[in-house]
Amino acid sequence: MRRGVLAGFLVLGSVIPLAAEASYSVEATVRIYGETAHSRDSLAVVDEDKRDTWESGSAGEILARHRVISEGTLFFADHGIFYFPAPRSWSGAGTGGTGAENPARAELTHELYQAFLRTTLAPGVELTAGRQRLWEEGNPAGLFFSVTDGLHPRGALRERSPGFDGAELRFGDGSRGILSAGLAFQDAFDDTQGTDTPWRLVRAALTAERRVGKSAGKSGGKSAGEERRMGGTVVMQRDTMVRPGLYATLAGDRLRGGTELALEWYNPHRQEWQPRFLAGVSGGIREDLPGGGYLELTGEYHYNGLALNHTGTEVPFPVTSDGAGAFLRPGEHYLHMRFLLEGSSRWRSEHRLTRNLDDQSMLVEQEILFLGMAPFEAGAEIIWTSGAADSEFGAFQEDLVLRLFAGVRL
């Protein structure tokens, strides 16, 4: 059922160019990867023969974004095709696509991240239907993880994740504020056995936001002045969650900061009303460099009260069905930091650190990307983890992953 609904949106979108004069554009990236990884010498690796060993593999991917615009209507599709010539344990593909249940073991898989139609019903009123994202990274206020956003799953690794399948009705042009109502149907679509009433599996989200301050540009394309955003959200699903929240951000030319507060009332595991507090505080600074480029340093503290719903002896599983506010093994306190250095759009170096302050486990991601010979690109990525076998990031089977890649942007 889920694939049929999405296919319907794709077919409908393809009719737009035939119905009226339309403009079409596409952005694509083709990459090939080589990877080597070390399996940790730990009880986290069940097979004793694979402990303290190295394993290598290769892969390829094609990522593409399509846009068709016609008379106030936008059709947008964001998808990827991944090829794995060897059965290695890759972590690049998500779980929301049309490929096999475990894409890491598939030779060829397809991931559909977004595919939606957006149309203007009236001045200041937009309807979006299909697979979509209401919030990208950095919204509503969390730089890395959002406790008020209950529609989009978040994981510790920087994987490309699919949006939700549903519809959003938005009021306002975004310059001074918005009022948004969204419905997510993916849980109802996934209930292929018909074990529950479909309407009980629909998730709803309401958002109201107010913006104050300048957003107009000045010479050089930089933003002028400061912009403040304040808003509230409510996300709910029957017998799963009720999560009201508030957020606020302050963004300027150099400094930015934000905070989020949320309260999740329902514990689906105990099936009882039990309030749990969630919070995030973030901030950052950006400095332009002589000769072009910039330096950015950001950090965020994340409190996850949902960890109190579980004990440390339980096996890993998502704390809530949306995955927000917790990762493989729920901790209460997290710290996330990022250092980003970009030089004249020809190269960039990004480093991220996520630490579970409860079990002291840590995840570090580092990437260097070279863009000096457009449209060609090349780079390297290093991912390493530390922690005991029963900790969150120490439970990863691989404690070091090195990837080299090269590609072309079309």
Next item on the list: For residue 341 and residue 32, calculate 0.36 nm times their separation in residues minus their Cα-Cα distance, and state this gained length in nm to one decimal.
Entry: 108.8 nm
Next item on the list: Would you kindly find the accessible area of residue 382, with a 1.4 Å probe and non-protein molecules such as ligands, DNA and RNA excluded, rounding to the nearest 10 Å²?
Entry: 60 Å²
Next item on the list: Whenever you get a sec, line up 347, 135 from highest to lowest accessible area (probe 1.4 Å, protein heavy atoms).
Entry: 347, 135
Notebook entry, point to check: What is the extension gain from residue 277 to residue 294, computed as 0.36 nm multiplied by their sequence separation minus the C-alpha to C-alpha distance, in nm to one decimal?
Noted result: 2.5 nm
Notebook entry, point to check: Based on the Cβ-Cβ distance of residue 254 and residue 173, what FRET efficiency does E = 1/(1 + (r/R0)^6) give at R0 = 30 Å, to the nearest 0.05?
Noted result: 0.65
Next item on the list: Convert each backbone phi in region 348-357 into a coupling constant with the Karplus relation 6.51 cos²θ - 1.76 cosθ + 1.60 (shift: θ = phi - 60°), then list the ³J(HN,Hα) values in order as whole Hz, x for Gly and Pro.
Entry: 8, 10, 10, 9, 10, 10, 10, 10, 7, 6
Next item on the list: Just grab the label-to-label distance for residue 308 and residue 158, each label 7 Å out from Cα along the Cβ direction, in nm (one decimal).
Entry: 3.4 nm
Notebook entry, point to check: Given H placed 1.01 Å from N in the peptide plane, which residues other than close sequence neighbours of residue 115 have an amide H under 5 Å from its amide H?
Noted result: 78, 131, 132
Next item on the list: Taking the dipole about the Cα centre of region 365-404, with the C-beta of Lys and Arg at +1 and of Asp and Glu at -1, give me whichever of 371, 385, 396 is farthest to the positive side.
Entry: 371
Check: How much accessible surface does residue 296 have with a 1.4 Å probe, in Å² rounded to 10?
Finding: 30 Å²
Checklist line | Efficiency of FRET between residue 199 and residue 46 - r from beta-carbon atoms, R0 45 angstrom, step 0.05 | finding: 0.65
Checklist line | Highest to lowest packing among 108-121, 139-152, scored as the average C-beta count within 10 Å | finding: 139-152, 108-121
Item checked: J(HN,Hα) series, region 295-302, from Karplus relation 6.51 cos²θ - 1.76 cosθ + 1.60, nearest Hz, glycine and proline x -> 10, 9, 10, 9, x, 8, 9, 10
Next item on the list: Leaving ligands, DNA and RNA out of it, work out the accessible area of residue 56 with a 1.4 Å probe and give it in Å² to the nearest 10.
Entry: 80 Å²
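The values are calculated or read from the model by the stated rules, or taken from the named source; none is laboratory data. The structure presented is a predicted model; accordingly, all values stated were derived computationally and were not measured. Glycine gets a Cβ as well: all are built from the backbone with ideal geometry, and neighbour counts include every protein chain shown. Protein only, heavy atoms only, side chains kept; ligands, DNA and RNA dropped before computing areas. Shrake-Rupley method; radii C 1.70, N 1.55, O 1.52, S 1.80 Å.
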